[in-house]
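The values are calculated or read from the model by the stated rules, or taken from the named source; none is laboratory data. Computed from a predicted structure; not experimentally measured. Backbone-built Cβ (ideal geometry, glycine too); neighbour counts: all protein chains shown. Accessible surface is based on the protein model in full, side chains and every heavy atom, while ligands, DNA and RNA are left aside. Shrake-Rupley method; radii C 1.70, N 1.55, O 1.52, S 1.80 Å.
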Amino acid sequence: MMDIEREKELVSQAKNNAHAFGLLYDEYYSQTYSYVLKRTASVNTALDITSEIFLNALKNIGKFQWRGIPFSAWLYRIAAHEISNYYRANGHRQISLDELVDFDIPDEEQAEAQTKLEQQADFLAVHSVVVRLPLKYREVVMMRYFDDLRLNEIAQRLGKSEGTIKSLLHRGLEKLKRLVKSDATFQRPEGF
Amino acid sequence: MEEKIFFEKLESIKLETGEVASHRRQLRVALLHARVKQNSDARNPLMKGVDNVLNLFTSKQPVWRVMLTSAVIIGVIGGFFITRSTTANEPQEKRVISILQSDPQFMNAIGSEDISTLKILGIRNDIATVAVDGTLAFVDLASEKVSSYHVIREDFTDAEKAQILHILNKNTITRTLLDEGASTKYVGLSFASSPFQNSAMIYPTDSAAWVSLTLSETQPFELNGVTFYEDRFNIWIDLSREEISPIEYMTYASLNASDLVEILGVLRADSRTSALLDEGAALISIVDLHTTSTIIVGVSNTNSATEKTAKLILKLNETYYEADVDIVGSKVTWFGEVGKP
């Protein structure tokens, strides 16, 4: 993780300097893509949303005000917004990067990434249930179990108190129990 | 039981997300290109490159910088003459960016991992003249290679500074200066696609640095058996050979902007050189040999305060000519056909 002072300096430079923004991109691309993939369980969708996140960040970095919260937290808010948009549109998105570039990603590279994802049956099975939670519970559960964050880290990222996060997590898990119990079609994945 | 297993799995879930490397790379380029477009209203990439060079003429600059960047500005001006520059379209710019970024030596020369600004000045015979990040480069679109460049910059990377300090410490004279408490000023770097000759360098080199070592006060100092009073020492470093060229410890006679204008005026006033220019000579950078009619500018300078000369190499089709210019006397002192430099 980048030192906070270094990050602050880089963010300041990135408002006017493409190279500095590139360094921020290098630092946070993997985490951002990983975050999105865990929520969408689709490589193609994760790539699209990741592109939108960084484009959004690029457009708005001039307005970013450093208030002691890491840049990553701002980035995650953008990410959460883009993912939320994705779910609201039921998975149908218009990507606005056409005017910049047509991504030329080799089919085999993308297919390989998707295959690797599909091999992780445990994750996909759990994901298929968690994703049905209401957004406010879903995000807390995903951060806790998919991203492996501690409660105080989730609180910081979401801008809420730790007490609120505990409560949301508890209610989210209760809802998950009801979903699993009532889900007559819940198939026991291989390995369960 | 299924509920229990579900929550056991939830507690222990781990996802290997991996990456799609080509997406990471292409998105980076796309974002930086978007940044260039964002800034294009505020700053014309071409003018930024020219401004960088023009700014040199308003401040006292060491010989090396004017000497070498005169070639750049000539190239920039020449880019208009030779090619009637056209508005670049995006696919062409993207292609040029890709070619430049795939040349590690060029990217090392500009000291950056990415291209920030780029403007195609024109294209002729598949050679694109490009203003990129404040410098000039020539890109062969047919072979998809960077054909020539000459980069001058003032920003030193940490690695470059470390290399320079290592070289300074290897040399007994400069190590002595450092031991005496001289402070190091990193003045400039110069990189070219093929070896260039600078009058201060022993050999032609493709990468050089200029630093100055300054003692805290003027004092008698002995170097190489010579006693003199000096507080500043200008050091030329050949980065390719990792050695120091002769140390300039006398006040240098600098070649300034008005000298350059005079040189061009002298060429126009001489019937021989003027005729070559009239036949369609284009002004390009010091190392480019790809255009059909070119002027390659190489400048040598003497240390005398009362004598300033310049050596120019002209090329028309495949024939090379040398013109020695007496700047003070405003005349071409020698002109003739020479072999390929």
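Filtering the stretch A:55-78 to residues that are more than 10 Å from chain B (Cβ to nearest Cβ), more than 30 Å from residue A:106 (Cβ to Cβ) and either more than 12 Å from the chain's Cα centre (by Cα) or among the hydrophobic types (A, V, I, L, M, F, W, C) (or both) leaves A:60, A:63, A:64, A:65, A:66, A:67, A:68, A:69, A:70, A:71, A:73, A:74.
Every condition in (1) farther than 24 Å from residue A:14 by Cβ; (2) touching a Lys or Arg at 6+ places or on another chain (Cβ under 8 Å) holds for residue B:175 except the one numbered (2). Residues in the stretch A:43-54 that are open to solvent by 10 Å² or more (accessible area, probe 1.4 Å) and either facing another protein chain (nearest Cβ under 7 Å) or within 12 Å of residue B:30 (Cβ to Cβ) (or both): A:52 only. The combined condition, being free of Cβ contacts under 8 Å to residues at least 24 places away in the same chain and more than 8 Å from every other protein chain (Cβ to nearest Cβ), is not fulfilled by residue A:139. Checked against (1) modelled with pLDDT under 90; (2) assigned to a helix (DSSP H, G or I); (3) hydrophobic (A, V, I, L, M, F, W, C), residue A:142 passes all but a single condition, namely (1).
Checked against (1) surrounded by fewer than 21 Cβ atoms within 10 Å (Cβ to Cβ); (2) touching a helix residue (DSSP H, G or I) at 6+ places or on another chain (Cβ under 6 Å); (3) in a helix (DSSP H, G or I), residue A:21 meets all criteria but (1). Within the stretch B:20-32, being among the charged types (D, E, K, R), facing another protein chain (nearest Cβ under 7 Å) and surrounded by fewer than 18 Cβ atoms within 10 Å (Cβ to Cβ) holds for one residue alone: B:24. One residue is enough: does the stretch B:150-158 have a residue meeting the conditions more than 21 Å from residue B:234 (Cβ to Cβ) and either in a strand (DSSP E or B) or under 23 Å from the mean Cα position of the chain (by Cα) (or both)? Looking for residues that are more than 21 Å from residue B:234 (Cβ to Cβ) and either in a strand (DSSP E or B) or under 23 Å from the mean Cα position of the chain (by Cα) (or both), one finds at least one in the stretch B:150-158, hence yes.
Out of A:5, A:52, one residue alone is of a type outside the set (Lys, Arg) and more than 14 Å from the chain's Cα centre (by Cα). It is A:5.
The numbered conditions (1) surrounded by fewer than 17 Cβ atoms within 10 Å (Cβ to Cβ); (2) in contact (Cβ under 8 Å) with a residue 12 or more places away in the chain; (3) polar (S, T, N, Q) are all true for residue A:40 except (1).
Taking into account only those residues within the stretch B:1-19 that are β-branched (Val, Ile, Thr) and within 30 Å of residue A:26 (Cβ to Cβ), which is least open to solvent (accessible area, probe 1.4 Å)? Steps first, answer last, please.
Here is the first cut: in the stretch B:1-19, the ones β-branched (Val, Ile, Thr) are B:5, B:13, B:17.
From what's left, within 30 Å of residue A:26 (Cβ to Cβ): B:13, B:17.
Details: B:13: 12, B:17: 33 Å².
The selected residue is B:13.
Just for the stretch B:189-246: of the residues that are modelled with pLDDT of 80 or more and assigned to a loop (DSSP other than H, G, I, E, B), which one is surrounded by the most Cβ atoms within 10 Å (Cβ to Cβ)? Result: B:239.
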